[in-house]
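**Q** Structure incoming, see below.
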Amino acid sequence: MDKQPLISGLVTRRVTATAWESVNGFRVTLINGPRQSGKTTLLRELYQKTGGSFYSLDSDTLLAAAKADPIAFVSGDAKFIYIDEVQRGGDTLVRAIKQVVDQPDNRIHFVLSGSANFLMIPGIAESLAGRVAIIEVWPFSQGEITGTSDRFLTQLLEDATNLVQPKYPTLDRESYFERIILGGYPEPLRFSSSKLRQTWFDSYIRTMTQRDIRELSHLRQSTDLTRLIRYLSGETAHELVKSKLSQALGIDRHSVSSYLPLFEMTYLTRELSAWSRNPLGKVTRTPKIHLCDTGIAAHLTGVDVGSLAGAISPLRGQLVETFVHNEILKQSSWIGGGIEMFHWRDREGAEIDLIIETPDGNIFAVETKSSSTVAAGDFKWLRKLEQKLGDQFKAGIVFYLGEHAVSFGDKFSALPLSALWF
C-alpha cells in the first residue's frame, strides 16, 4: 500500500560540519560513499560556500579532458577545485593532484568525491597518504530522515548510564519494519509509490553491477555479480563463508574471492571483522557480511513489511541486526575519534552482534532482538564478555522492538530501536 513519502526537500547532513572543517584544513578532502547517497549535493553545498571550480567526471567531455592532460585539468588560479566522481579519472589524475599539492607554492584545496572506496580501486596506486582527509557519506540516517538527534553513539561513549533515562517515542513493529524496508537512499524515501521504489532499486543494482563495477574492475561480464549480490542479501548479518557461496552459486572460489571486494569497494556490502583481545585475531577469524542498506537487501530478497511481521520470518532477525549496524556506522562517520567496529564469537558458541572499540581499548557491546520483549537471558553473552574484560567493558546494550528503556543492572540496558535516533 502506498504511503506518504518520508522526506521532502533538502535534508541537512550530519557530516556537513566535519566536511567543512576538513575542506578548510586539509589540502585534499575526499568525500566517499555509495552512488545516490547525497555526495554531490554535499559537494555543491561546500562549493557554494567557497567558490572555485567544479567538475563532474560523469561528463564524458570533462573526463576526456582530465585523461588527456591531467596536470592542466587540476591546475589554475582557483583556490578550491571540486571534482565529482574522481575515481573515473584513474591513477593518472590522482597522481596529477598529488603533484600539484606537493608544489611548495601550492594554495589549491582539492575537494573530491567518489562512488568507490578510494583505497580499494584496482589501478589506482596513489593513496594521497598524509595529504587527504577521507569522509564517508552514507545513505540517510534515521535521525536525518526524521530531523531528530542521532545521538545514540555519542551518548553511549560519553555516559552509557543515561541511555535509559529518556522516554523514547513509541513505534509499533510495522513502523520499524517499514523503515527497514525503505532503507536510507534519498530517492526511494521521496516516492509515495511502492512501484516507483521497486523500479529505483532495480535500476540501481543494474547500474552498479553492469556499469560501475565493470568499469572500475574491467570485468567482461556481470551475471555472476548480480547473482552474488542477491545471494549476499539473504546472508546479511551472517558470517561470510566463501566456500558456501561458491557451492551455492556454482561460482569457483577464486572468482568469489575476487568479486567480494568489488561490492565493498562500491559500498554495497561491508565486512565486519571478528574481534579478539589478540590484535591478529581481528583479521584471521571469519568476518560477518552486512548489506550497506537494508532497503537494497529487502528488495533483492523480496521481503516486505507483511513478511517481516509474519509469525515466521527467516530474515527478520538478520535485517534488524543489519539495520542497527548501519545506523551506528553512519553515526561513527561524523563523530570520528578512531572508533572501530567488530563482531565477536568464541569457540564455545558465545556471540555478540556488534563490538565498538575506542582507541584506548574500551569496549561497548550491542546485541539485537527482533521481538517486542527482552529477558535477563538475552544478556548472557554480554555478561560473559564483561567477565573476560573487567573494567575495559563499559556497557552492554540489547536493542529490541518494544517500547521501554530498561536497566538490567550495572552497565546493561535494553533499549527500543528508536533510541538509535531520538
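Here, each number is a calculation from the coordinates, and none is a lab measurement. Keep in mind that what you see is a predicted model, and the values were worked out from it rather than measured. As a convention, Cβ positions derive from the backbone with ideal geometry for all residues, glycine included, and neighbour counts pool all protein chains shown.
**Q** Please work out whether the stretch 51-99 counts as rounded, prolate or oblate from its C-alpha gyration tensor, where a ≥ b ≥ c are the square roots of the eigenvalues and a/c under 1.5 means rounded, while otherwise a/b larger than b/c means prolate and anything else oblate?
**A** Because a/c hits 1.5 or more and a/b fails to exceed b/c, the stretch 51-99 counts as oblate.
**Q** Order these by the 10 Å Cβ neighbour count, fewest first: Ser127, Ser113.
**A** Lowest to highest Cβ neighbour count: Ser127, Ser113.
**Q** How many nm separate the modelled label positions at Arg206 and Thr286, each set 7 Å beyond the Cα in the direction of the Cβ?
**A** Between Arg206 and Thr286, the simple spin-label model gives 3.6 nm.
**Q** Check cross-link reach from Lys394 to the aspartates and glutamates: straight Cα distance under 14 Å, and skip same-chain residues fewer than eight apart.
**A** Glu158, Asp159, Glu357, Asp360, Glu386, Asp410
**Q** For Arg107 and Glu21, what is the calculated FRET efficiency with R₀ set at 25 Å and r taken between the beta-carbons, to the nearest 0.05?
**A** 0.85
**Q** In the chain, what percentage of the DSSP-assigned beta bridges are antiparallel, given to the nearest 5?
**A** Roughly 35 percent of the beta bridges in the chain run antiparallel, per DSSP.
**Q** Pairs of alpha-carbon atoms within less than 8 angstrom and 6+ residues apart define the contacts here; what relative contact order does the chain have, in percent?
**A** 17
**Q** Still on this structure, please answer the following. Once the piece of chain linking Gln247 and Ser194 is laid out straight, how much longer is it, given 0.36 nm per residue of separation minus the C-alpha distance between them?
**A** Between Gln247 and Ser194, full extension yields an extra 15.7 nm.
**Q** Could you tell me whether the stretch 163-213 comes out rounded, prolate or oblate from its Cα gyration tensor? Rule is a ≥ b ≥ c as square roots of the eigenvalues, rounded for a/c under 1.5, then prolate if a/b exceeds b/c, otherwise oblate.
**A** prolate
**Q** Sticking with this one: Sequence neighbours fewer than 8 away in the same chain don't count; with that in mind, list the lysines whose C-alpha is under 20 Å from Lys67.
**A** Lys98
**Q** What are the extents of the Cα atoms of the stretch 16-136 along their three principal axes, in Å, largest first?
**A** The Cα atoms of the stretch 16-136 stretch 34, 32, 28 Å along their principal axes.
**Q** Across 5 Å bins from 0, what is the distribution of all Cα-Cα pair distances for the stretch 236-364, in whole percents?
**A** 2, 9, 17, 21, 21, 17, 9, 4, 1
**Q** If the chain were replaced by its equivalent ellipsoid, with semi-axes equal to the square roots of 5 times the Cα gyration tensor eigenvalues, what would those be, largest first, whole Å?
**A** For the chain, the semi-axes come out at 36, 24, 23 Å.
**Q** Could you list Ser192, Ser115, Ser246 in order of exposure, starting from the residue whose Cβ has the fewest other Cβ atoms within 10 Å?
**A** Ser192, Ser246, Ser115
**Q** When every alpha-carbon pair in the stretch 358-422 is counted, what percent end up more than 16 Å apart?
**A** Distances greater than 16 Å cover 43 percent of the Cα pairs.
**Q** OK, next. Take the Cα radius of gyration of the stretch 71-168 and divide it by 2.2 N^0.38 Å, with N its residue count; two decimals is plenty.
**A** In units of the 2.2 N^0.38 Å rule of thumb, it is 1.54.
**Q** Identify all lysines with a Cα-Cα distance to Lys195 below 24 Å; exclude those on the same chain that are fewer than 8 residues away in sequence.
**A** Lys3
**Q** While we're looking at this one, here's another question. For a quick check: sort Met120, Met341, Met265, Met208 by the number of other beta carbons within 10 angstrom, fewest at the front.
**A** In increasing order of surrounding Cβ atoms, one gets Met120, Met341, Met265, Met208.
**Q** Something else about it: Rounded, prolate or oblate: which one fits the stretch 313-422, using the alpha carbon gyration tensor with axes a ≥ b ≥ c (rounded when a/c is under 1.5, else prolate when a/b beats b/c, else oblate)?
**A** It comes out rounded by the Cα gyration axes.
**Q** Mind computing the radius of gyration and Dmax over the alpha-carbon atoms of the stretch 173-269? Å is fine for both.
**A** Gyration radius and largest Cα-Cα distance of the stretch 173-269: 15.0, 44 Å.
**Q** How many nm separate the modelled label positions at Ser222 and Ser255, each set 7 Å beyond the Cα in the direction of the Cβ?
**A** Output for this residue pair reads 1.7 nm.
**Q** For a 18 Å ceiling on Cα separation, which of these pairs sit above it: Lys39/Lys79; Lys242/Lys369; Lys380/Lys411?
**A** Result: Lys39/Lys79; Lys242/Lys369 exceed 18 Å.
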